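First up is the structure itself, then whatever we jot down about it.
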Amino acid sequence: MKYIAACVLLLAAPFASGSAAQDRMSDVQCSGSFDAIAALVENPNALPTPTVDEAGWCLITDMVVPTSSNSGIRIGALRWRASDMQRFIEDGLPPRALDIEGTGLGVTVQTGDDVFDYLLGLQMDKSQMAFGASLRWDGVQNTVTLGSSYLEFNDTNRIEATARLEGANLTDLASMQTSLGTAGLRNLMIKSEFDGWFETHAVVMLGNILLKSGEGAPQAQVDALKGQVIDVINTLPDVFMPQNSRAALSAFVESLPSPRGSAQLQLRADPTLGAVRLGRLASLWRDATATALVETGLDGVGVQFTWTATEGAK
């Protein structure tokens, strides 16, 4: 439990730059915060040592985080800064503010074939992927705000998100454990530019889950699944998602698996969406209709969705 919340803040957030969390980090703060995270990986001694860059951020370059014996995640440059970092280093508590940025995100694989590994290395060496996040904990209002979070595949393919979590008391470990029952999502906004990232990074994984060999042509299965999803969308009540948003979401589904355009989803929950409400949803998920799910587990939740297709896109 000691480092769970801090690890979530430091690593699970995709990366961004925001207003200064702290003027300058020290060498001790950089090494201490990184050592706590590095201890969680299989071979921490293989990771580089952080330094302090000219802007006062902790910086690591050319890092490979092993994920298995023959693969890893490569990050060209990773930098972070935080306020009240001693909470993390000494007590395993999240810092009060955190900014983190990364560029050159990719994967490394050792297949045993020297030629293929060499060619794959050349391909991944030109990765344009970047990520970032800015997080703030307000200890008076007990809120955690995620601002300017993004995952960028290239100039025309990007995902952004902001969120506000309420009822999150991160004062100490006991308060954090109590917050598991009180914390909940108040606001969420997700925006994305689609110009090929969905096919490149999501289609294979989703297709392997949803499509079945020997059960008809893959495209026919895709069309049938899209029809089923649109049927469900059309049953959503106006209080949860208004008609114009349902139409936009249906149009987005129709564009799959090759969407081209801009999408935005906004969610607001009153009361907040916390563990109790989500647990109630999970218990109803398999058998309840969409309307029953909304009425039982999503009362007070409103969703807006927009989809603007790229002009001339098929």
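Each reported figure results from applying straightforward, stated rules to the coordinates on display, with no laboratory input. Bear in mind the structure is a predicted one, so any value in this text is a computation, not a measurement. All Cβ positions, even for glycine, are placed from backbone atoms using ideal geometry, and neighbour counts span all protein chains on display.
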Query - For the chain, size of Cβ-based charge dipole, Lys and Arg +1, Asp and Glu -1, in debye - result: 700 debye
Query raised in the report: Dipole size in debye (nearest 20) for segment 197-309 around its Cα centre, Lys and Arg Cβ +1, Asp and Glu Cβ -1?
Result: 200 debye
Report summary line: At q = 0.10, 0.13, 0.17 1/Å the base-10 log of I(q)/I(0) from the Debye formula over the alpha-carbon atoms of segment 197-309 is -0.36, -0.62, -1.01
Query raised in the report: Label-point separation (nm) for residue 41 and residue 141, each offset 7 Å from Cα along Cα-to-Cβ?
Result: 3.6 nm
**Report entry** Bins of 5 Å, starting at 0 and running to the largest distance - Cα pair percent for segment 38-98
**Finding:** 4, 16, 20, 23, 21, 12, 4, 1
Query raised in the report: For the chain, with the dipole built from +1 on Lys and Arg beta-carbon atoms and -1 on Asp and Glu ones, taken about the Cα centre, which of 194, 60, 288 lies farthest toward the positive end?
Result: 288
**Report entry** Candidates 94, 259, 242, ranked by Gaussian network fluctuation over the chain, Cα under 10 Å, top entry
**Finding:** 242
Query raised in the report: Mean separation of Cα pairs under 8 Å and 6+ residues apart, divided by the residue count of the chain: what relative contact order is that in percent?
Result: 13 percent
Requested in this report: May I ask you to compute the full-extension gain from residue 208 to residue 222, defined as 0.36 nm times their residue separation minus their alpha-carbon distance, rounded to one decimal in nm?
Outcome: 3.8 nm
Query raised in the report: Counting alpha carbon pairs within less than 8 Å and at least 6 residues apart, what relative contact order, in whole percent, applies to segment 142-277?
Result: 30 percent
Query - Cα-only radius of gyration and Dmax that characterise segment 139-214, units Å - result: 18.1, 58
**Report entry** Label point distance in nm, residue 86-residue 311, each placed 7 Å from Cα along Cα→Cβ
**Finding:** 5.8 nm
Query raised in the report: Given a cut-off of under 8 Å on Cα pairs at least six residues apart, what relative contact order in percent is computed for segment 197-309?
Result: 36 percent
Report summary line: Between residue 296 and residue 67, the FRET efficiency computed from the C-beta separation at R0 = 41 Å comes out, to the nearest 0.05, as 0.60
Report task. Return an integer: the convex hull volume of the alpha-carbon atoms of segment 67-224, in Å³ per residue. Result -> 201 Å³
Report task. Please give the per residue volume of the convex hull enclosing the alpha carbon atoms of the chain, rounded to a whole number of Å³. Result -> 174 Å³
Report task. Please work out the Cα convex hull volume for segment 274-314 and give it in Å³ per residue. Result -> 122 Å³
